[in-house]
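This report refers to the structure that appears directly beneath it.
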There are 2 protein chains.
Amino acid sequence: MRCASDIEARDVEEMYINIDPIQVGGRLTADAMKAVIAYADGYSVCDNCRSPFRLDYIQKPPIAQFHADLARWLNMDAVRVIPGARRGFQAVASSLVERGDPVILTSLAHYTEFLAIEEAGGIPREIPKDDSNRITADAAAERIEEVTREFSRTPPLLFIDHVDYQYGNVHDVKGIIKTAHQYDIPALVNGAYTVGIMPVDGKALGADFLVGSGHKSMAAPAPSGVLAAAEEYAGKVFRTTEARGDLTGRTFGIKEVEMMGCTLMGVTVVGMMASFPHVQERVNHWETEVAHSQAVVDGLLSIEGTRVLSEYPRRHTLTRIDTRESFDRVAQQHKKRGYFLSNDLKKRGVIGVIPGSTRVWKFNTFGLTEKQIRHLSEAFIAIARENGLSIV
Amino acid sequence: MRCASDIEARDVEEMYINIDPIQVGGRLTADAMKAVIAYADGYSVCDNCRSPFRLDYIQKPPIAQFHADLARWLNMDAVRVIPGARRGFQAVASSLVERGDPVILTSLAHYTEFLAIEEAGGIPREIPKDDSNRITADAAAERIEEVTREFSRTPPLLFIDHVDYQYGNVHDVKGIIKTAHQYDIPALVNGAYTVGIMPVDGKALGADFLVGSGHKSMAAPAPSGVLAAAEEYAGKVFRTTEARGDLTGRTFGIKEVEMMGCTLMGVTVVGMMASFPHVQERVNHWETEVAHSQAVVDGLLSIEGTRVLSEYPRRHTLTRIDTRESFDRVAQQHKKRGYFLSNDLKKRGVIGVIPGSTRVWKFNTFGLTEKQIRHLSEAFIAIARENGLSIV
């Protein structure tokens, strides 16, 4: 029997080109790795916690400064670090949504948005996607009107994924938020696939809330993330406790209800901080990342029968591909069935495609070098060729 | 200006004897440190995530096995890992407490319990402590009756801290829960200062919920923790989502609402797992830990004017001490004022007492060696002697 302490050292990132859809933006930087080693102990950032006792006030390590820098970089008024983007959705839904309220999200919304709404007692209503798998401002307006009629009240919150997890499509967040604001609905931008990956300007988008993921896109350990708010809503989502011990008279004034006090007391926040300068820098090279993504997609499209389901040309590094008429045709004859693809990729040093997948699958090229991009593209083509598919 | 990426390497645990009240149980084991280095990247445990897609089903690393082992060890029916004990309080309060419900906790309850109740819309009601700073079953019964009369309904939940954060006193959890059950009130045991530190048997205590902290007491990175539930309530707090995309028909069946899907996707859960065999072993030496604590307290009590505010003899390693008539008398004359104590301790290689504190303060001796305990005790006495206090 496998024992719970029997943990093999992980060498995926050292040994392979990893194109896992969710992992590529969360690979640590060397500086983050150093910081992780220094701050791995439990409450490691609390050595110099002094009144007021709250994580975002700690000066050493410079967590307070990090919060200020992060707000400026995202162009938002207030930020807090959180244990994963989902905990940001939870905090906002808990603050704005009452039982029975309709809440708008999209047909491409991440499941954690549904969970946040459900926990708050809200009722999710999806904006439809169009034929090219995009969410438009027009569709948002139509759905808002429909839902408002259905519930005889305006939804208190709208979620919009800046880039969705299914297609990696970049949606018209600015237009959708403008629409939401016309109905006085605050908007939360799910930036799990954008903050730390590509340039994001909260105010330019009109975001009332902007959520990012440390472990998905900010080169940080899990669970980590950021919840940013515009001034109008910061006091609401970051409200301090009003609780009072009825016998002792104890109060806990500076602690924030939705944050549950402090959030990331050690390795996670320090990992985010140490990667932050690199993350700020890397978003400036987004055009190169997109070009890399495009190159691999074009490589795949040169394999007969292969289709790209994501928007084309690519505007993001996460792509959904349809190989039912190419690799899956091979799989039906291959002695390894659908596993031939992940096997053959692994032999060529590529990992991150779910073993067995040959029909519709996703990959993410973020962070790969020019040379790795070329290797990846050639690997797909070589595998196709070896298995009798034509290259066009 | 300090820059957010200007993170000095932390060497507190290597260079000093740390007696910080909250940090001592969260120091990593060597195995955890190795695991942290291998799994520091964001979603590092998701390499082999296969259907059903949820953290506690992952076989490699053996997270599923860890969950089973943890449940057996705590003698509870179901467990999940969570980003800190507070997130366990939040999950339970959100599941059981409706707006306006009274919720019982104690005069020694941690502030995060208040926050969890507040977020759920509940109204906290404290059980008083007795003259020796203990919570008793009788006081619990009396308060439950009083609160039930006040609200004309039974509180849906009672929180009891196994060992409280203020005095480090061990309370009659078993008796209090027995009382709660007589009124049909489920009880949550806050084991942040016990799970991973001393033996804890959930069923023997009668716990409906048992919460532990990874970064406080299980030698794990932050934020981490465990929420365990008895069978009767597991289905409630770990309920799976019923959300459905109204247009797409999407469902997310296996994801648990209060867990927000997956919780600790990388370094945190692996840190807990790698430390787990050591944590299981160390609780067996609890008597030695308590004897160490007692020895240091006795050393302090030999300094004239010093009083212990925690229960005596000691039954835990966290102690609240009153030195207003000893070290604080020195502080009033000392050129460094109250800082002399932390300064002098640091010169002797001891850290973790809040700088400036000489009146009422706390320390925690957990995990120190015999030799370190002797050194610590002698350090206090030597500092007292040097500053003209009598040793009795």
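Before moving on, here are some points about what is shown:
- Considering only B:VAL269, B:VAL12, B:VAL147, the Gaussian network model of chain B with Cα springs below 10 Å gives its largest mean-square fluctuation to B:VAL12.
- At 7 Å out from Cα toward Cβ: B:VAL392 inter-copy label distances (nm, ascending): 9.5
- Under a model in which nothing but the beta-carbon of Lys, Arg (+1) and Asp, Glu (-1) is charged, the stretch A:313-354 shows a dipole of about 120 debye around its Cα centre.
- Inter-copy label distances at A:ASP201 (7 Å, Cα→Cβ; nm, one decimal): 6.5
- Listing A:VAL270, A:VAL308, A:VAL330, A:VAL173 from fewest to most neighbouring C-beta atoms within 10 Å gives A:VAL308, A:VAL330, A:VAL173, A:VAL270.
- Given in Å, the Rg to one decimal and the Dmax to the nearest whole number for the Cα atoms of the stretch B:204-251 are 16.1, 49.
- Taking a ≥ b ≥ c as the square roots of the eigenvalues of the Cα gyration tensor, the stretch B:1-137 is classed as oblate, since a/c reaches at least 1.5 and a/b does not exceed b/c.
- Calculated diffusion of the stretch A:254-343, Stokes-Einstein form, Kirkwood radius summed over Cα pairs, 37 °C and 0.692 mPa s, µm²/s: 193 µm²/s
- Note on B:124-131: average number of Cβ atoms from other chains within 10 Å of each residue's Cβ is 3.
- Prolate/oblate/rounded call for the stretch B:343-389, Cα gyration tensor, a/c under 1.5 rounded: oblate
- B from A by rotation - nearest chain A beta carbon to the axis, in Å: A:PRO83, 2
- Global form of the stretch A:119-272, assessed from the alpha-carbon gyration tensor, a/c cut-off 1.5: oblate
- Protection proxy ranking for A:132-145, B:250-263, using the average of other Cβ atoms within 10 Å per residue and placing the highest first: B:250-263, A:132-145.
- Each copy carries a label point for B:LYS346 at 7 Å from Cα along the beta-carbon vector; from one copy to the others these points are 5.3 nm apart, nearest first.
- Across peptide B:75-88, the average count of Cβ atoms from other chains found within 10 Å of a residue's Cβ is 2.
- Percentage of interatomic Cα-Cα distances in the stretch B:320-360 larger than 12 Å: 53 percent
- Largest GNM mean-square fluctuation among B:PRO223, B:PRO277, B:PRO21, using chain B with Cα springs under 10 Å: B:PRO277.
- The alpha carbon convex hull volume per residue for chain B rounds to 172 Å³.
- Alpha-carbon Rg/Rh ratio, for the stretch B:77-204, with Rh computed the Kirkwood way: 0.93
- Computed over the protein assembly as shown, Kirkwood Rh from alpha-carbon pairs, angstrom: 27.4 Å
- Distance from the C-alpha centroid of the stretch A:78-145 to that of the stretch A:233-258: 26 Å, rounded to the whole angstrom.
- For the stretch B:171-305, lysine pairs separated by 8 or more sequence positions, or belonging to different chains, with Cα-Cα distances below 19 Å total 4.
- For the Cα trace of the stretch B:290-380, dividing Rg by the Kirkwood Rh returns an Rg/Rh value of 0.94.
- Dipole in debye (nearest 20) - the stretch A:107-165, about Cα centre, beta carbon charges: Lys, Arg +1; Asp, Glu -1: 160 debye
- Helix B:267-282 vs. chain B, principal-axis angle (Cα, 0 to 90°, nearest 10): 60 degrees
- Kirkwood Rh (inverse of mean 1/r, distinct Cα pairs), the stretch B:1-81, angstrom: 16.0 Å
Any read-out appearing in this document is the output of simple, stated calculations on the displayed coordinates, not a laboratory observation. Here the structure is a predicted model, which means the values were calculated and not measured. Every residue, glycine as well, gets a Cβ built from its backbone with ideal geometry; the counts of neighbours run over all protein chains shown.
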